[in-house]
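The values are calculated or read from the model by the stated rules, or taken from the named source; none is laboratory data. This one's a predicted model, so the numbers in the text were calculated from it and none came from an experiment. Methodologically, a virtual Cβ is constructed for each residue, glycine included, from the backbone with ideal geometry; neighbour enumeration extends over all protein chains shown. The area values use the complete protein model at the heavy-atom level, side chains included, leaving out ligands, DNA and RNA. Shrake-Rupley method; radii C 1.70, N 1.55, O 1.52, S 1.80 Å.
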2 protein chains.
Amino acid sequence: MSVAKQDVRSLAEAARKASRVLATAPTAQKDEALRAMARHLRARLPAILAANAEDLAAARDAGKPAAFLDRLLLDAGRVEGMAKAVEEVAALKDPVGEETEAWDRPNGLHVRKVRLPLGVVLMIYEARPNVTSDAAALCLKSGNASLLRGGSEAARSNAAIAAALAAGLTEAGLPATSIQAVPPGERETLLELIKLEGLIDLCIPRGGEGLIRFVAENARVPVVKHYKGVCHVYVHAAADLDMASRITLNAKTSRPGVCNAAECLLVDAAVADTFLPRVGRELVARGVELRGDETTVRVLGGAGVAVKPAAEADWGQEFLDLILAVKVVEGLDDALSHISRYGSEHTEAIITADASVAGRFTREVQASGVAWNASTRFNDGGELGLGAEIGISTSRLHAFGPMGLKELTSQKYVIHGQGQVR
Amino acid sequence: MSVAKQDVRSLAEAARKASRVLATAPTAQKDEALRAMARHLRARLPAILAANAEDLAAARDAGKPAAFLDRLLLDAGRVEGMAKAVEEVAALKDPVGEETEAWDRPNGLHVRKVRLPLGVVLMIYEARPNVTSDAAALCLKSGNASLLRGGSEAARSNAAIAAALAAGLTEAGLPATSIQAVPPGERETLLELIKLEGLIDLCIPRGGEGLIRFVAENARVPVVKHYKGVCHVYVHAAADLDMASRITLNAKTSRPGVCNAAECLLVDAAVADTFLPRVGRELVARGVELRGDETTVRVLGGAGVAVKPAAEADWGQEFLDLILAVKVVEGLDDALSHISRYGSEHTEAIITADASVAGRFTREVQASGVAWNASTRFNDGGELGLGAEIGISTSRLHAFGPMGLKELTSQKYVIHGQGQVR
């Protein structure tokens with residue numbers, strides 16, 4: 001399954017060539033390809049499940065943990081979900097050619113900004129085989145060729161999925177090399193891949209922080225990084241406390257292992273005595289371990305709610321688990337300064353009925369998503385209505401936050417004149 | 001003038017700290033600072049000219065060529081131009097806080113995309129001292145702190161200019177560290193600087209291809225690259241030939257040393273016999289050396305116009321001089337394929353009266369600027385009405401083409417709910 005340096009470059013060159021065709025492919029043809037890809041995923045279900053069973057057996061033999069095996073597992077339902085997701089991308093609006101701005105210059109020139117694809121997108125990911133079809137579909141719809149480098153444990157599954165996608169491309173008359181699964185070889189071949197400046201326009205690594213750091217530190221092609229999410233919920237003095245409690249519970253417990261889950265609760269001192277015991281009891285009832293600052297420990301302890309004293313390392317910590325740091329703050333400025341110091345610029349929420357306080361919070365917080373009276377969990381491509389998301393950028397270059405189809409495009413200036421010269 | 005590793009990091013840390021203040025600084029305060037900066041540039045004219053005289057003397061002693069000395073030279077007029085340019089940036093619309101899109105979700109969430117600054121911008125440039133004030137002003141207006149690393153030959157001039165800018169910042173109550181001139185030290189300190197991930201959000205190198213490649217190959221922070229411009233003018237069969245001639249002359253001769261000047265003329269075979277001799281004569285009269293393909297050589301030779309046969313290396317060549325490659329093509333597809341093979345994705349122009357041909361050309365050409373019946377020279381921040389430009393990106397990530405204030409920002413999602421949870 002290893003792949004030589006030269007092979008990696010050939011794959012990228014083929015992708016570059018395909019990207020030239022995709023850049024001007026009509027929307028109808030891309031959508032036809034997407035629908036054909038979905039049909040082929042369904043038609044090849046037995047082959048995909050057989051390949052996946054081999055991957056699973058090997059992963060089991062290698063002693064991989066249950067959570068890993070679950071991420072790797074495909075069944076009829078999951079493959080149907082993949083096919084449906086591809087069809088949903090077909091139904092999204094094509095961003096290519098969209099005019100985003102237009103204006104006239106005093107000399108009569110008419111200027112438009114028009115979206116065009118990025119070119120070749122390299123996805124690097126780990127165990128989940130559904131990323132193969134999800135990412136391929138989003139890249140295709142946005143006119144980009146994709147190179148998909150999944151984890152070695154999912155190699156057989158990914159190859160079977162890629163074969164189905166290629167069959168769909170061919171059926172619609174698009175180059176089969178528009179979507180290519182890169183065989184997961186040695187780390188050296190990954191290194192070679194992320195240095196192919198001029199052949200790869202964007203690299204999106206998805207996975208653990210170790211993988212992302214490795215890619216970011218070694219890549220010569222542009223990388224959209226997705227680091228951690230240390231999200232805060234700030235309950236302001238003027239909050240509706242029922243709402244604050246509902247949102248805190250949702251942000252912490254609905255899916256504690258994801259990046260837009262809350263890791264820290266900030267509560268205004270003015271409502272701490274009322275709010276902390278009630279939300280604390282509900283959190284503890286759902287199995288959450290609370291780690292509080294001195295005031296929180298006093299208030300919760302006094303109310304008989306289980307709480308541990310927080311260590312300095314608990315602030316700014318991404319627990320990804322049923323653990324919540326809790327701190328009592330002295331109003332908006334104190335909350336803003338805590339978030340600025342310990343937040344990860346991912347998602348921050350404020351609960352308040354005071355619009356001017358919310359205005360300052362949403363203006364001043366420098367995060368990819370800022371929620372007012374809503375859960376941090378909404379900072380997600382699907383929830384925001386982007387249709388689907390290829391990743392979440394935690395750095396501000398190119399895109400910040402959930403990335404959908406538009407974020408897989410760039411823009412060119414189209415200048416229309418009547419013979420103007422300078 | 002050399003600067004130690006630790007000093008470089010301290011400068012970047014101070015910039016990061018200042019960037020937090022700038023991110024939420026009101027427009028009025030930023031504009032006040034810009035106007036004060038302009039005043040201090042004027043007030044310190046003698047000090048700036050004295051520093052520049054020392055730089056010039058040293059450069060002369062070092063045997064730098066006349067063009068270099070001219071780029072380095074400041075006089076009263078040029079400093080006044082710098083001050084005026086800073087005032088013009090004050091008059092531009094503040095992009096920070098601008099809402100670019102807004103929509104409602106079925107669950108009642110109201111989502112807005114709002115511009116925010118990038119953070120810390122590092123400019124790396126060579127001899128021109130005016131870049132110091134131009135770049136600083138654009139970064140400040142867009143809420144970014146700037147680190148300005150000019151060439152060592154301009155170090156005294158840049159320090160004097162930066163001191164004037166700092167005085168303006170202080171007068172308006174903004175951190176003087178919002179704009180910092182980085183002393184030009186050893187190449188090692190540049191290397192250190194471009195690896196400061198987490199402290200620097202964007203690096204913009206401006207200068208020769210060698211400098212840009214060095215930065216791109218060694219940086220760990222995101223880099224906006226500005227490589228070469230190999231721009232084509234395509235004269236279609238349905239072109240107004242007077243217009244085509246005017247635009248060709250302008251694109252080639254108005255300023256041959258810049259990246260949006262034309263390097264290659266493509267002429268449809270149907271009009272080659274009529275068009276080539278007339279445009280050829282005018283080009284030659286302006287001192288342009290023509291290098292033609294076989295047909296061009298035959299047509300121009302037959303008409304008595306000086307022409308050399310083009311070598312393969314002349315296609316895709318950035319001459320930056322009064323040299324023009326000329327090729328006769330068999331219609332739109334042939335022109336598109338030549339441009340796709342030899343163009344640099346900078347700027348391409350078509351001259352035609354046929355709107356459907358122009359439509360295909362503007363859709364299919366993958367360049368940062370595509371002009372229809374206008375000179376390639378208009379793909380420029382000032383000419384497009386961006387107000388000013390901090391650079392021209394030749395890669396598609398983050399921005400493509402001229403970058404103004406908007407391109408110095410990112411966007412965040414602001415999500416307003418009434419207690420929604422997932």
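When only the Cβ of Lys, Arg, Asp and Glu is charged (+1, +1, -1, -1), the dipole of the protein assembly as shown relative to its Cα centre reaches about 120 debye.
Tally up the carbon and sulfur contribution to the accessible surface of the protein assembly as shown as a whole percent, 1.4 Å probe, everything protein left in place. Taking all protein chains in place, the protein assembly as shown shows 50 percent carbon and sulfur surface.
In chain A, the calculated helix contribution to ellipticity at 222 nm averages -14000 deg cm²/dmol per residue, counting -39,500 (n - 2.57) for every DSSP H run with n ≥ 4. Here the simple spin-label model places points 7 Å from the Cα toward Cβ, and for B:Lys228 and A:Glu88 these points are separated by 4.7 nm. Among B:Ala181, A:Val114, A:Ala353, whose Cα sits farthest toward the positive end of the charge dipole of the protein assembly as shown (+1 at Cβ of Lys/Arg, -1 at Cβ of Asp/Glu, about the Cα centre)? Looking along the dipole axis, the top candidate is B:Ala181. The gain in end-to-end length when the A:Lys195 to A:Ala28 segment is fully stretched comes to 56.7 nm, 0.36 nm per residue minus the alpha carbon separation.
For the residues A:Ala272, A:Ala90, A:Ala164, a GNM of chain A with alpha-carbon springs under 10 Å puts the largest fluctuation on A:Ala272.
Here the label points at B:Glu101 and B:Arg298, each 7 Å from Cα along the C-beta direction, are separated by 5.3 nm in the simple model. Sorted largest first, the principal axis extents computed over the alpha-carbon atoms of region B:1-142 equal 71, 36, 25 Å.
Each other residue within a Cβ distance under 12 Å of A:Ser337 adds +1 if Lys or Arg and -1 if Asp or Glu, for a net charge of -1. With label points defined 7 Å past Cα in the direction of Cβ, position B:Thr170 shows copy-to-copy spacings of 7.2 nm, given to one decimal and shortest first. For A:Glu153, the shell of other residues with beta-carbons less than 14 Å away shows a net charge of +1, using +1 for Lys and Arg and -1 for Asp and Glu.
Could you tell me what % of all Cα pairs in the protein assembly as shown have separations over 47 Å? Here the tail beyond 47 Å accounts for 28 percent of pairs. Using only side-chain charges placed at the Cβ, +1 for Lys and Arg and -1 for Asp and Glu, the dipole size of region B:231-383 relative to its Cα centre rounds to 380 debye. Model label sites at A:Asp242 and A:Ala355, defined 7 Å from Cα along the beta-carbon direction, differ in position by 2.2 nm.
Roughly how tilted is helix A:355-364, in degrees to the nearest 10 and between 0 and 90, from the longest Cα axis of chain A? Once rounded, the angle reads 50 degrees.
Considering only Cα atoms, the convex hull volume of region B:300-342 works out to 93 Å³ per residue.
As a calculated quantity, the FRET efficiency between A:Ala66 and A:Asp7 at R0 = 41 Å, using C-beta atoms, amounts to about 0.75.
Tell me which lysines have Cα within less than 26 Å of B:Lys252's Cα, excluding those fewer than 8 residues away on the same chain? Within the straight-line limit of under 26 Å, B:Lys252 reaches these lysines: A:Lys113, A:Lys412, B:Lys225, B:Lys228, B:Lys308, B:Lys327. Placing a label point 7 Å from Cα along the Cα-to-Cβ direction at A:Asp104 gives distances to the equivalent points in the other copies of 3.4 nm, listed shortest first. The angle between the Cα long axis of helix A:332-342 and the main principal axis of chain A comes to about 50°, on a 0 to 90 degree scale. Would you work out which of A:Ile194, A:Ala43, A:Ala285 lies farthest towards the positive end of the dipole of the protein assembly as shown? Charges go on Cβ: Lys and Arg +1, Asp and Glu -1. About the Cα centre, the residue reaching furthest to the positive side is A:Ile194. Between region A:144-168 and region A:46-76, how far is it from one alpha carbon centroid to the other, in angstrom? One Cα centre to the other: 15 Å. Across every direction, the projection of the convex hull enclosing the Cα atoms of region A:170-267 has a mean area of 10.5 nm².
Its Cα gyration tensor gives region B:231-383 an equivalent ellipsoid. The semi-axes, each the square root of 5 times an eigenvalue, are 21, 17, 14 Å from largest down.
Assign one of three labels to chain A, namely rounded, prolate or oblate, based on the Cα gyration tensor with a ≥ b ≥ c the square roots of its eigenvalues; rounded applies when a/c is under 1.5, prolate when it is not and a/b is larger than b/c, and oblate otherwise. Since a/c reaches 1.5 but b/c is at least a/b, the shape of chain A is classed as oblate.
Among the trypsin sites (Lys or Arg not before Pro) in region B:85-180, those located in a DSSP loop and surrounded by at most 14 other Cβ atoms within 10 Å of their own Cβ are B:Lys93. Residues with beta-carbon under 15 Å from that of A:Ala399, excluding A:Ala399: net charge, scoring Lys, Arg +1 and Asp, Glu -1? That works out to +2. For chain A, the longest principal axis of the alpha carbon atoms and the long axis of helix A:76-91 meet at an angle near 80°. Excluding ligands, DNA and RNA, the accessible surface per residue across chain B is 36 Å² with a 1.4 Å probe. By DSSP, the beta bridges lying fully in the protein assembly as shown are antiparallel in about 25 percent of cases. By the rule of a C-alpha distance below 23 Å, with chain neighbours fewer than 8 residues away ignored, the lysines paired with B:Lys84 are B:Lys30, B:Lys93, B:Lys141, B:Lys406. Under the convention that each Lys and Arg Cβ holds +1 and each Asp and Glu Cβ holds -1, the size of the dipole of chain A around its Cα centre is about 1180 debye.
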